[in-house]
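Chemist: Handing you this structure, nothing more for now.
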Amino acid sequence: MTELHAAPHDADAIEKVSREFREAFGSEPEGVFSAPGRVNIIGEHVDYQQGLCVPMAISHRCFVAARRTDAGVVRMRSVQSGETVEASAPGLAPGAVDGWASYVAGVVWALADRFEGGVASGVDLLIDGYVPLGAGLSSSAALECAVAAAIEELCKLGTTPHERIRAAIKAETEFAGAATGGLDQSASILCEEGHAILLDCRDFSTTSVPWDLAGQGLALLIIDTRAPHSLVGGEYAERRAQAEAGARALGVESLRDVPFEGASDACRGITDPVVQRRSRHIINEIERVREFAEILETGSIREGLARIAELLNASHDSLRDDYEVTVPELDVAVEAAREAGAHGARMTGGGFGGSVIALVEADRVETVAGAVESAFAEHSFTEPVFFLATPSRGAGRDR
Ligand code: GAF
């Protein structure tokens, strides 16, 4: 039988991160904080063109136990890497640390202008993350947003959720060197238990979207294809640059400004065929999100299921053909899930590896997962890992 990997119970994870903190730093943490990974249900590669997305937080979270110190040092320990990294608190600047620690130190650095001497005194941070790494489920954003929650609370900065989102984005783009678009940090901080959110990337404002799958006898299966995905590499940045070229060619600030009516004709006027395809994806994807959110706002998922499935499938196909961010593992998982009866299936996140989501009848989860597993074995791909996506709470204090 195909195994579904569940996140640990929050209480166990909180106990564990507190114990790890005591063992590493020799005292009790002042608090425990956490932030979730996410799946983006629809609205992919549109956030950096001021588009619309519908993400939900998943139950896999990153936990951070923290304490202020007067050592003048940001001490960071990760359970997953087994490393402790130290950086001078007053001397924090991009390049001071790299790897996982850059996402942590980057948030402290990005919040620096909110401190009145506070951060210079130092902080100990113990990190225990359960969002699978490299799976396109926002493990980096979960780490950044958990650290932002910790620093906000311990140092009483008085930041708003949107200021913490901006700090996490700044950490990722300017400190860790991954120029991502803000979807992941917004989802990790703003998502709500039991719901998805409609995120408007013009100003990162949100509207709650009904997403009661369980109540409708449905489930969202996450298939981590284990094809490694990284946003620091050049391909993500290349897509962003092509999207910007599209906006320039159409004479708009962002592709969000292109009216959907008449967009196909407008895109045909873009001379570079690659930029043309990239722009077409973004304009069509934003329109798909509009329709998707409207269906959920005006009726039940069950009533709108046929169209919801079409929109999910069309999103994947566009990411495969126009945006070219899929890899064989993603396409095989999507095909196998659809053939096994998924209502809709698409890659989620940045692509170039990572995960697929499949909307399925709750009693078909095992069948669909089994079919993907068999397809992967036939293609000699690494065995995939399966989770269920349960809409979970955003970042905050746990203890
Ligand atoms: C990654 C990025 F981090 C997001 O900003 C977004 O662009 C996404 O890829 C694609 O929708 O997760």
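Taken together, the values in this text are just the output of simple stated rules run on the coordinates, not laboratory data. Model, not experiment: these values are computed from the prediction. Every residue, glycine among them, receives a Cβ derived from its backbone with ideal geometry; neighbour counts consider all protein chains shown.
Chemist: Note down the net charge around G31, summing +1 for each Lys or Arg and -1 for each Asp or Glu among other residues with Cβ under 9 Å from its Cβ.
Modeler: Surrounding charge for G31 is 0.
Chemist: Also, quick follow-up: Given the DSSP H assignment, sum -39500 (n - 2.57) over each helix run of at least 4 residues in the chain and divide by its residue total; what's the result at 222 nm in deg cm²/dmol, nearest 500?
Modeler: Using -39500 (n - 2.57) per qualifying helix, the result is -12500 deg cm²/dmol.
Chemist: Can you give the charge dipole size of the range 214-389 about its Cα centre, rounded to the nearest 20 debye, using +1 on the beta carbon of Lys and Arg and -1 on the beta carbon of Asp and Glu?
Modeler: 320
Chemist: Right, something else. How large is the convex hull of the Cα atoms of the range 170-267 per residue, expressed in Å³ as a whole number?
Modeler: So the per-residue hull volume is 174 Å³.
Chemist: To the nearest Å, what is the center-to-center distance of the range 13-43 and the range 281-325, using C-alpha atoms only?
Modeler: Centre-to-centre distance over Cα atoms comes out at 34 Å.
Chemist: If you wrap a convex hull around the alpha carbons of the chain, what volume per residue comes out, as a whole number of Å³?
Modeler: Here the figure is 133 Å³ per residue.
Chemist: Separate question: Can you pull the three principal axis extents for the Cα set of the range 214-389, in Å, largest first?
Modeler: Per principal axis, max minus min of the Cα coordinates gives 49, 40, 23 Å.
Chemist: Would you please give the residues with an amide H less than 5 Å from that of H60, counting only those at least 5 places away or on a separate chain, with H modeled from the backbone geometry?
Modeler: G37
Chemist: Relative contact order of the range 214-389: what whole-number percent is it, with Cα pairs under 8 angstrom and at least 6 residues apart?
Modeler: 36
Chemist: Sort 371-381, 212-222 for me by packing, meaning the mean count of neighbouring Cβ atoms within 10 Å per residue, highest on top.
Modeler: Peptide ranking by packing, descending: 212-222, 371-381.
Chemist: Using a 7 Å offset from the Cα along the Cα-to-Cβ direction at both S208 and R22, what is the distance between the two label points in nm, to one decimal?
Modeler: In this crude spin-label approximation the distance works out to 3.7 nm.
Chemist: Right, another one. Quote to one decimal, in nm, the extra length available between M1 and R399 on full extension: 0.36 nm per residue of separation minus the C-alpha distance between them.
Modeler: Extending this stretch completely gives an extra 139.6 nm.
Chemist: For the range 303-399, max minus min Cα coordinate along each principal axis, in Å, sorted largest first?
Modeler: Taking the Cα atoms of the range 303-399, the three principal extents are 46, 33, 32 Å.
Chemist: For the range 227-278, what is one quarter of the convex hull surface built on the Cα atoms, given in nm²?
Modeler: Across all orientations, the range 227-278 yields a mean hull projection of 4.4 nm².
Chemist: Which order do the peptides 309-321, 85-97, 146-158, 1-13 take when ranked by the mean count of other beta-carbon atoms within 10 Å per residue, highest first?
Modeler: Descending packing order for the listed peptides: 146-158, 309-321, 85-97, 1-13.
Chemist: Right, next: Counting Lys +1, Arg +1, Asp -1, Glu -1, what net charge surrounds S264 among other residues with beta carbon under 13 Å of its beta carbon?
Modeler: Result for the local shell: -1.
Chemist: What nm value, rounded to one decimal, do you get for the distance between S230 and E378 when each label is placed 7 Å out toward the C-beta?
Modeler: 3.2
Chemist: If packing is taken as the average count of other Cβ atoms within 10 Å, what order do 195-207, 276-288 fall into, highest mean first?
Modeler: Going from most to least packed, we get 276-288, 195-207.
Chemist: Picking from H281, T2, A66, whose Cα lies most toward the positive end of the charge dipole for the chain (charges on Cβ: Lys, Arg +1; Asp, Glu -1)?
Modeler: The residue sitting most towards the positive pole is A66.
Chemist: To continue, here is another question. Extent of the range 1-73 along each principal axis, from alpha carbon coordinates, in Å, largest to smallest?
Modeler: Principal-axis extents of the range 1-73 (Cα, largest first): 45, 43, 14 Å.
Chemist: For R67, what residues show an amide H to amide H distance below 5 Å, using hydrogens built from the backbone and excluding near sequence neighbours?
Modeler: Excluding prolines and chain starts, which carry no amide H, the hits are E30, D124.
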